[in-house]
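What follows is a structure written as structure tokens; I'll ask about it next.
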Amino acid sequence: MTTATERRSTPEIDVAGAARTRHPLRWVASVVLLVLAAQLVNMLVTNGNFQWDVVGRYVNAQVIGTGIVTTLFLTVIAMAVGVVGGVLIAMGRLSENPVARVTSGLYVWFFRGTPVLVQLVLWYNLSALMPRISLGIPFGPSFVTGETNQLITPLLAAVLGLGLNEVAYMAEIIRGGLLSVDPGQTEAASALGMSRGRTFRKIVLPQAMRFIVPPTGSQVISMLKATSLVSVIALADLLYTVQSIYNRTFQTIPLLIVACIWYLVITSILYIGQSFIERHYARGATRNAPQSFWSFLLFRRRRPPAAPTSTETPS
């Protein structure tokens with residue numbers, strides 16, 4: 001009744017003389033961007049220093065493929081360590097045990113506060129700190145002892161450096177996702193007689209995943225690019241492989257272009273997977289719905305959710 005009265009009292013707006021809003025600055029910006037894009041394309045085509053023939057010769061070379069396999073292997077292993085360790089550290093951060101909470105907080109503080117490059121070099125030179133590594137009872141006898149230089153290979157140092165650093169970031173992502181779920185839903189599930197495990201699996205986790213998956217996908221892409229840091233410890237990933245080639249041939253720019261092409265190809269594939277997973281966990285969400293992959297690919301703008309119609313508006 002109130003809505004109908006307000007609609008009748010609203011004055012009618014005369015749109016007969018309405019004109020479309022002009023945006024001259026938008027046109028100016030478009031022209032400037034098109035000119036810069038044309039300049040870039042012209043430079044790519046006419047500048048012989050790019051040596052596109054060299055790029056075409058190395059882009060599908062077998063040695064480059066070996067470096068790509070190492071990069072993908074490091075990404076998968078480091079993210080697996082990061083997710084598993086992140087769950088444990090997140091549980092420690094949310095624990096009511098003060099020792100576990102403080103220990104987890106110190107872990108996150110240290111690994112997020114120091115550069116991953118420093119951590120990689122530290123793990124690689126661990127033998128300078130501990131020449132031998134032993135496994136046994138703390139302050140007691142040792143069961144197994146080995147030389148650190150033989151145990152900590154460049155591959156293991158890379159996994160430890162990247163994986164343990166990723167644990168700290170994933171712990172905060174998982175903790176934030178779990179805290180985003182309204183505690184009232186857990187209380188309601190408990191009132192209905194659901195166990196804590198079933199409440200976590202059926203109610204908390206599905207909602208938390210909507211906030212955990214997007215940043216996790218970004219972390220995977222960041223990890224893929226972070227693997228290039230292992231070149232400092234002489235592990236033959238994609239970047240180290242192209243570096244070893246151009247150190248011999250002095251074809252620096254075309255080899256770096258080859259590395260960029262493959263990083264772009266892999267990150268694009270990862271983005272496709274991430275967009276599908278995001279949409280899977282965003283089913284039923286009307287606010288902040290993720291952008292589809294095709295919308296991103298076609299540069300479509302995000303549109304706000306449609307406002308409820310007059311028939312849907314409660315009176």
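The values are calculated or read from the model by the stated rules, or taken from the named source; none is laboratory data. Everything quoted here is computed from the prediction, not taken from an experiment. As a convention, Cβ positions derive from the backbone with ideal geometry for all residues, glycine included, and neighbour counts pool all protein chains shown. Areas reflect the complete protein model, heavy atoms only, side chains present, ligands, DNA and RNA absent. Shrake-Rupley method; radii C 1.70, N 1.55, O 1.52, S 1.80 Å.
Among the residues of region 173-190, are any open to solvent by 40 Å² or more (accessible area, probe 1.4 Å) and assigned to a loop (DSSP other than H, G, I, E, B)?
Yes - at least one qualifying residue is present in region 173-190.
What's the total number of residues in region 111-133 that are open to solvent by 70 Å² or more (accessible area, probe 1.4 Å) and free of Cβ contacts under 8 Å to residues at least 12 places away in the same chain?
Number satisfying all stated conditions: 5.
Only residues in region 177-191 that are more than 26 Å from THR216 (Cβ to Cβ) count as the first member; pair them with residues that are assigned to a helix (DSSP H, G or I), Cβ under 9 angstrom, at least 6 apart or cross-chain, and list the lot.
As it stands, the answer is ALA188/ILE203; SER190/ARG196; SER190/THR199, since those pairs meet every condition given.
Take region 93-110 and flag every residue that is free of Cβ contacts under 8 Å to residues at least 60 places away in the same chain and open to solvent by less than 30 Å² (accessible area, probe 1.4 Å).
Hit for region 93-110 is GLY105, nothing else.
Can ARG300 be described as modelled with pLDDT under 75 and either part of a helix (DSSP H, G or I) or touching a Phe, Trp or Tyr at 6+ places or on another chain (Cβ under 9 Å) (or both)?
Spelling it out, ARG300 is indeed modelled with pLDDT under 75 and either part of a helix (DSSP H, G or I) or touching a Phe, Trp or Tyr at 6+ places or on another chain (Cβ under 9 Å) (or both).
Separate question: Specify the residue that is farthest from ALA80 (Cα to Cα); the eligible residues are those in region 164-201 that are within 26 Å of the chain's Cα centre (by Cα) and basic (Lys, Arg).
The selected residue is ARG201.
A quick yes/no check of all residues on (1) at pLDDT 95 or above; (2) out of contact with any helix residue (DSSP H, G or I) (no Cβ under 6 Å at 6 or more places or on another chain); (3) under 30 Å from VAL230 (Cα atoms):
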position	(1), (2), (3)
ARG22	no, yes, no
VAL45	no, yes, no
VAL54	no, no, yes
TYR58	no, no, yes
THR66	no, yes, yes
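Here's another thing I want to ask about it. Can you tell me which residues in region 234-284 are within 21 Å of PRO154 (Cα to Cα) and of a type in the set (Phe, Trp, Tyr)?
TYR240
I'm checking my understanding of the structure. Among residues of region 24-69 that are open to solvent by less than 60 Å² (accessible area, probe 1.4 Å) and of a type in the set (S, T, N, Q), which one is farthest from LEU238 (Cα to Cα)?
Of everything passing the filter in region 24-69, SER30 is farthest from LEU238 (Cα to Cα).
May I pose another question? Considering only region 221-238, how many residues are open to solvent by less than 40 Å² (accessible area, probe 1.4 Å) and among the hydrophobic types (A, V, I, L, M, F, W, C)?
8
Grab the helices (runs of 4 or more DSSP H) fully contained in region 75-135, keeping just those with 2 or more residues being farther than 19 Å from ILE152 by Cβ.
Filter on region 75-135 gives 98-113.
Go through region 253-273 residue by residue and tally those that are more than 28 Å from VAL213 (Cβ to Cβ) and surrounded by 15 or more Cβ atoms within 10 Å (Cβ to Cβ).
Total meeting the criteria: 6.
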